[in-house]
Each structure stands twice: as C-alpha cells, then as structure tokens.
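So the structure is just underneath, and the comments pick up after that.
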Amino acid sequence: MSALVFDTLTYRERYEILLARTGCDALTGALDRQSLEVHGCRAVEHAVAAGRHFSLLLVDIDHFKGLQ
C-alpha cells in the first residue's frame, strides 16, 4: 500500500513540474518569459526571413494576481 502512495506522489510531483514547464501562465494563459525566449526568437527569425515587420508588446503588471 505504501508503494502505491509513493508512486502516486511521485507522479503528482512530475505532473506539477511538467505543468510548470508548459510555458503558459496558469492565470492568464499568456506565454511566460521562458516561452517568449524560445518562441520570440523563432518569430523574429521567420519575420526576417520573410521580409516582414515584427512587433512585440510586453506588459509587466506588478502584483497582477492580487488584482482579482
């Protein structure tokens, strides 16, 4: 029985780590900073390669979660 509990907790921890690394803010669904670094670079590269303009808007709201 204790092995089952240990496995469940281990899988739960792995699941939470995976969620933390998905790249989206849990509250807003917006890309987090880590995802921006990956996807942002790709977006700029694609825009440059296609000869297109690229715009990016960053908003940093302090204590956003406390505004609810």
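The values are calculated or read from the model by the stated rules, or taken from the named source; none is laboratory data. In this text, all values refer to a predicted model and were calculated from it rather than measured experimentally. Don't worry about glycine lacking a Cβ; one is built from the backbone with ideal geometry, like all the others, and counts go over all protein chains shown. Just so you know, the surface numbers come from the protein's heavy atoms only, side chains and all, with ligands and any DNA or RNA stripped out. Shrake-Rupley method; radii C 1.70, N 1.55, O 1.52, S 1.80 Å.
Structural remarks
- Shown in residue order for the stretch 54-62 are the 3J(HN,Hα) couplings computed by the Karplus curve 6.51 cos²θ - 1.76 cosθ + 1.60 at θ = phi - 60°: 9, 10, 9, 10, 10, 10, 10, 10, 5 Hz (x for Gly and Pro).
- Mean Cβ count within 10 Å, highest first, over the residues of peptides 29-36, 44-51: 29-36, 44-51
- Protein-only accessible surface order, largest first, of Thr10, Thr22 at 1.4 Å: Thr22, Thr10
- The alpha carbons of the stretch 17-57 stretch over 38, 17, 11 Å along the principal axes, in descending order.
- Long-range HN-HN contacts of Asp32 with modeled amide H, under 5 Å: Cys24, Asp25
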